[in-house]
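Presented below is the structure to which this report refers.
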Amino acid sequence: KELILKKAREVCTCNHQTIITFFCQLFPVLDWLPRYNVKTQLLGDVISGLLVGVVAIPQSISYSLLANQDPIYGIYTNFFCNIIYVAMATSRHNFVGSFGVLCLMIGQSVNRHLQLAGYSNDNAGSSLVGNSTSSSNGTGACDRSCYAITVALSLSFLVGLYQILLGVLHLGFVAVYLSEPLLSGFVTGSSLTIITSQMKYLLGLKIPRHEGVGSFILTWVDLFRYIQNTNICDLVTSLVALAIIVPVKEINDWYKEKMKAPFPIELLVVIVATVISYYFDFEERYKSAVCGDIPTGFRKPTLPDINLFSSLAVDALPIAVIGFAMTVSLAEIFGKKHGYAVRANQEMIAIGMCNLIPSFFYCFASSAALTKTLLKESTGTQTQVSGLITSLVLLLVLLWIAPLFYSLQTSILGVVTIVNLRGGLRKFRDTPHMWQLSKLDTVVWWTTMLSSTLITTEIGLLVGVCFALLCVIFRMQRPRATLLGKVSNTEIYEDQSTYKQLSSIANIKIFRFESSLYYANKEYFKTVLYQKTGVNPILLAAKHQRVEAQANAHTGNSKSFFGTRFDCLKQAKKRAEKPPADACPSSIDMHTLILDCGAMQFIDTVGLSVLKETHHDYKDIGVRVLLANCNPSIRHRLREG
């Protein structure tokens, strides 16, 4: 009781210093901004912020299409998230905004709710009507586009709430279950799904957006079924854009160390394509799909639709997990590279706030974006001030430039989205090297990738996590077990199957079990122990009993015969000499078994029972069992048990 009260007083102490510390931890900008060096840091932040802002403009619009939203909402998302992240982040390099994988998951959830509300798939480009997004039943002033953003902002609110709760409760350890092969496979599988969803824009086809299991295959079936309806103008535009963007981005990658900044080819292509589409009137002449009216300025804040929370609660969970996993992992990577500390739980709270607060301003869920974070780091950013510069660039678009993108073809947006997924597709080239390093990790990668592609992204993530955990359990349930031999003229003992010229000690066998001993691997422990030592004490004891039973059955024999048989059994137990084959089981070649417990971290009650059984069984056949290299916790458990 006194200890609890003491700890409670320490935590709950409230004075001037603790209040300042609390706010500095919650808003790290209060800590680093007063120490900001304008002379050495401002130039790098301004250049990086401008370049990232230029790249973010076309990606914001294209990712809106992926999230099943109007283009303006992608710009809103990147604008608001950057401002909030600047104030609350411990990472100096992360860029928070629209991320392709999250946009795909958001789009799937939004499309599912649009179908439930009775909206058709043919009105994907419908513009906003009015300023109200409070209606959630598909009637009144809220049209399809309005209902889509209502679903998205409600989803963003729940995602932010989940992430803040995880951060406040210090549950950042959840991210450790998303291993690197699992995340890599998930991103690659999602990239394939995104490319599939964007193909209809590149071809100018109007096909329904499939959801659920098998949507990847069904979409490709529809693409080939309606391929004769391809819009030639969209197809040619897409091919020309790909032929220009891909080589230039490859050149940017090859010479990124020599170039001060990558060439903004995406923005240039978007501008040129918009001008050409406007002057040649692609919309009317060739029936090309275009962005349409993009409003300027900001809209009045709104509240998420509480009625949607129950149906969105499950959809928000995987988005929240993937969002904070990407944000924390990128923050830790660049923090380690540049030598500063990153607090994982604070990053979770920061990204949660970046989803919770912007949900009132018509934004969808976001996370750290890989490509823009890499660009930010490579162009010399020093602090999160560069995020404010990026927000200023997006503010210009929101206030004045946005309507100029009216004639921008959606096929160009699809190309921009696909080109930025090259990193995920390049992971295929790494799989042979991964197979050489770890076959099990490679199987986790392929399992997650295929399930994310062929089933659904959410189920694919769940399958990947479960399979990865099963692999861990499998490794612990069937660990490596060896017999040890002695290196000549030393006190070093190594694996006899790995090292040559090891000497064995006569009648002594040393067995190493390279895992903790607990309920899940108890049977494997006994099986491999009997296999390696070549002695199964249970079978040997059974033979003894059978021989004794046969001896007792011959009641007509003389007393001297019984005495001889008893002497034989006694000799077998002591392993002094080999008894006759018809009378006694064959002798064994050891009198002592040493169990090397150096690799055992813990032993549970079942493991303790197994050690007791092993000791008892070998004792019955005259073999002594010793334990070596036990750590203090295991010795304590052995004494208690």
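Listed values, structure above:
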read-out: Span from the the stretch 23-95 Cα centroid across to the the stretch 429-508 one, whole angstrom; value: 41
read-out: Integer Hz, Karplus 6.51/-1.76/1.60 couplings in order for the stretch 595-602, x for Gly and Pro; value: 9, 7, 9, x, 8, 7, 7, 8
read-out: Descending Cα extents along the principal axes, the stretch 232-350, whole Å; value: 53, 51, 27
read-out: nm² value of the averaged projected area, convex hull over the Cα atoms of the stretch 428-488; value: 5.9
read-out: Accessible area of His615 in the full protein assembly, 1.4 Å probe (Å², nearest 10); value: 90
read-out: Relative contact order of the stretch 28-101, defined on C-alpha pairs under 8 angstrom at six or more residues apart (%); value: 35
read-out: Relative contact order %, the stretch 1-129, counting alpha carbon pairs below 8 Å whose residues are six or more apart; value: 24
read-out: Residue order for Trp435, Trp446, Trp32 - accessible surface, 1.4 angstrom probe, largest first; value: Trp435, Trp446, Trp32
read-out: Charge dipole (debye, nearest 20) of the stretch 395-533; +1 at Cβ of Lys and Arg, -1 at Cβ of Asp and Glu; value: 400
read-out: Positive-pole candidate from Cys233, Asn78, Gly622, dipole of the chain, charges at beta carbon; value: Gly622
read-out: For the stretch 489-542, radius of gyration divided by Kirkwood radius, i.e. Rg to Rh on alpha-carbons; value: 1.02
read-out: Peptides ranked, highest mean first, by Cβ atoms within 10 Å: ranges 309-318, 151-160, 352-361; value: 151-160, 352-361, 309-318
read-out: Most to least accessible of Ser609, Ser452 (protein chains only, probe 1.4 Å); value: Ser609, Ser452
read-out: 10 Å binning of all Cα-Cα separations within the stretch 389-472, expressed as whole percents from 0 upward; value: 15, 26, 24, 18, 15, 2
read-out: Selection from Ser366, Thr379, Leu392 lying farthest towards where the dipole of the stretch 307-454 points positive, charges on Cβ; value: Thr379
read-out: Å² of accessible area per residue within the chain, as computed with a 1.4 Å probe and no ligands counted; value: 49
read-out: For the stretch 328-377, alpha-carbon Rg over 2.2 N^0.38 Å; value: 1.26
read-out: Directionally averaged shadow of the chain, computed from the convex hull of its alpha-carbon atoms, nm²; value: 43.3
read-out: Helix 605-620 vs. the chain, principal-axis angle (Cα, 0 to 90°, nearest 10); value: 20
read-out: Phe467, Phe224, ranked by accessible area, largest first (probe 1.4 Å); value: Phe224, Phe467
read-out: 0 to 90° range, to nearest 10: angle between helix 144-168 axis and the chain longest Cα axis; value: 40
read-out: Residue (of Gly352, Tyr255, Leu470) at the positive-pole extreme of the chain, dipole from beta-carbon charges; value: Leu470
read-out: Rounded percent of accessible protein surface that carbon and sulfur make up, the chain, 1.4 Å probe; value: 63
read-out: Restricting the stretch 54-109 to chymotrypsin sites (Phe, Trp or Tyr not before Pro) in coil, as DSSP defines it, with at most 10 other Cβ within 10 Å; value: none
read-out: Along the chain, longest interval not containing exposed GluC sites (Glu not before Pro), exposed being DSSP loop plus at most 10 other Cβ atoms within 10 Å; value: 1-256
read-out: Whether the stretch 407-542 is rounded, prolate or oblate, judged on the alpha carbon gyration tensor where a/c under 1.5 counts as rounded; value: prolate
read-out: Residue-level accessible surface for Leu399, protein heavy atoms, 1.4 Å, Å²; value: 60
read-out: Calculated P(r) of the stretch 1-71 - Cα pairs past 21 Å, %; value: 63
read-out: Ordering of 480-486, 259-265 by burial proxy (mean other Cβ atoms within 10 Å per residue, highest first); value: 480-486, 259-265
read-out: In Å², nearest 10: area of Leu470 left accessible to a 1.4 Å probe; value: 100
read-out: Reachable lysines from Lys543, criterion Cα separation under 30 angstrom, eight or more residues apart if same chain; value: Lys509, Lys522, Lys526, Lys532, Lys559, Lys570, Lys573, Lys574, Lys578, Lys612, Lys619
read-out: Contact order normalised by residue count of the chain, Cα under 8 Å, 6+ apart, percent; value: 21
read-out: Phi to ³J(HN,Hα) by Karplus 6.51 cos²θ - 1.76 cosθ + 1.60 over the stretch 493-501, Hz, x for Gly, Pro; value: 10, 9, 5, 5, 7, 9, 9, 9, 6
read-out: Calculated P(r) of the stretch 270-407 - Cα pairs past 24 Å, %; value: 51
read-out: Helix axis angle, 427-437 relative to the chain longest principal axis, alpha carbon, degrees; value: 10
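The values are calculated or read from the model by the stated rules, or taken from the named source; none is laboratory data. Since we're looking at a predicted model, the values are computed, not measured. Heads up, the Cβs are rebuilt from the backbone with ideal geometry, glycines too, and the neighbour counts pull from every protein chain shown. Heads up: the accessible areas ignore ligands, DNA and RNA and are worked out on the full protein's heavy atoms, side chains in. Shrake-Rupley method; radii C 1.70, N 1.55, O 1.52, S 1.80 Å.
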